[in-house]
Amino acid sequence: MVRIRVLVVDDHRIFAESLAAALAAEPDVDVSAAGSGPAALRSLERAVAEGRRFDVLLVDSDLGGNVPGARPAVPVQEGNAEGLVDGISLVAGVRSAHPHVRIVVLAEKDDPRRAALALQAGASGWVAKDCSLSRLLTVIRGVLRDETHLPPALLTGVLRELTAARKHRTESERLVESLTPREREVLRCMVAGLGRKAVAERLFLSPHTVRTHMQNVLGKLGVHSTLAAVALARRAGVGPVDLGHGGRITVEESSSA
């Protein structure tokens with residue numbers, strides 16, 4: 001019999017232990033529980049090292065008490081001062097580090113926006129915490145067949161949210177495309193968190209020239225702050241400049257820097 005290895009991640013201990021016990025009663029399910037994002041990551045790494053990888057993660061949407069989308073997702077390796085990581089951040093981190101793992105988000109209530117965020121982060125399912133055990137097992141087995149599971153009542157709202165997100169991304173991409181090659185490199189430095197002096201040193205430009213480029217970037221993107229420019233760049237898929245590269249960035253453009 002092929003066994004399914006499940007990891008329940010929830011900081012409500014009683015719920016996590018109760019759900020784990022219910023799943024463990026199934027003849028083909030092996031289950032463990034973790035009370036935080038970092039603990040879940042340690043369990044995943046340990047399982048890989050021992051040659052017994054987890055197949056499915058069941059993640060509390062309210063993990064850590066944070067509201068996904070209310071602030072930028074923190075790196076799952078860091079968490080906050082209390083070692084907590086929000087549920088959506090954990091989904092994204094696990095999908096990046098352990099792409100073979102399928103993730104189902106457990107939610108107290110249906111929320112189209114947060115469900116859409118979960119799917120965008122890499123989750124394969126969204127189910128209510130008070131759903132029946134048979135329903136949850138159906139979802140677990142379904143995501144292992146690469147199915148995506150959503151409550152029917154959420155489908156329209158989630159599709160609307162995903163369409164809106166794509167529209168915002170398309171608009172952001174259009175704005176970024178209006179930048180010159182040099183301005184795009186400056187924007188990538190801004191995404192990496194570099195200040196004006198650091199950008200000047202990296203691009204071999206004067207601080208005054210960098211200031212002009214940054215002002216042009218903000219103007220063309222239609223924003224009024226570096227944080228807003230970085231957020232728009234992220235939506236457009238613009239990544240940070242490689243800080244591991246110490247040499248000069250060469251940019252091909254017709255006009256002078």
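Evaluate the following for A34: is it touching a Ser or Thr at 6+ places or on another chain (Cβ under 7 Å) and in contact (Cβ under 8 Å) with a residue 12 or more places away in the chain? It is true that A34 is touching a Ser or Thr at 6+ places or on another chain (Cβ under 7 Å) and in contact (Cβ under 8 Å) with a residue 12 or more places away in the chain.
Selection of first residues in the range 221-242 that are open to solvent by 60 Å² or more (accessible area, probe 1.4 Å) and of second residues that are in a helix (DSSP H, G or I) and at pLDDT below 80, restricted to Cβ pairs under 8 Å at least 6 apart or on distinct chains, gives the following pairs, ordered by first then second residue: R235/H168; R235/R169; R235/S172. Please tell me if S36 is surrounded by 14 or more Cβ atoms within 10 Å (Cβ to Cβ), polar (S, T, N, Q) and within 15 Å of S61 (Cα to Cα). So S36 fits the description; yes. Annotation note: of D146, D86, D111, D130, the sole residue that is among the charged types (D, E, K, R) and closer than 22 Å to R160 by Cα is D111. When V85 is tested against (1) open to solvent by 10 Å² or more (accessible area, probe 1.4 Å); (2) more than 19 Å from D146 (Cβ to Cβ); (3) modelled with pLDDT under 90; (4) assigned to a loop (DSSP other than H, G, I, E, B), exactly one condition is not met: (1). Given the structure, is D30 charged (D, E, K, R), at pLDDT below 90 and either farther than 19 Å from V139 by Cβ or not in a helix (DSSP H, G or I) (or both)? It is false that D30 is charged (D, E, K, R), at pLDDT below 90 and either farther than 19 Å from V139 by Cβ or not in a helix (DSSP H, G or I) (or both).
Kindly indicate the residue of the range 40-53 that is in a helix (DSSP H, G or I) and in contact (Cβ under 8 Å) with a residue 12 or more places away in the chain and also farthest from I14 (Cα to Cα) among those meeting that condition.
Keep residues of the range 40-53 that are in a helix (DSSP H, G or I), which gives 40-49.
Those left that are additionally in contact (Cβ under 8 Å) with a residue 12 or more places away in the chain: 40-41, 43-44, 47-48.
Working: A40: 17, L41: 20, S43: 19, L44: 21, A47: 23, V48: 27 Å.
Among them, the one singled out is V48.
Within the range 104-158, the residues that satisfy the criterion of being open to solvent by less than 20 Å² (accessible area, probe 1.4 Å), in contact with a Phe, Trp or Tyr (Cβ under 9 Å, 6 or more places away or on another chain) and at pLDDT below 90 are A107, A115, A118, L154, V158.
Annotation note: Cβ proximity below 8 Å between a residue of the range 4-18 that is part of a helix (DSSP H, G or I) and a residue that is among the aliphatic types (A, V, I, L, M) (sequence gap 6+ or interchain) occurs for A16/V8; A16/V9; A16/A33; A16/A34; E17/A33. If the condition is being farther than 16 Å from G222 by Cβ, modelled with pLDDT of 75 or more and either in a helix (DSSP H, G or I) or among the hydrophobic types (A, V, I, L, M, F, W, C) (or both), then the range 160-183 contributes R160, P181, R182.
The values are calculated or read from the model by the stated rules, or taken from the named source; none is laboratory data. These numbers were taken from a predicted model, which means no experiment stands behind them. Counting neighbours? That spans all protein chains shown, and the Cβs are built from the backbone with ideal geometry, glycine included. Heavy atoms of the whole protein, side chains included, go into the accessibility calculation; ligands, DNA and RNA do not. Shrake-Rupley method; radii C 1.70, N 1.55, O 1.52, S 1.80 Å.
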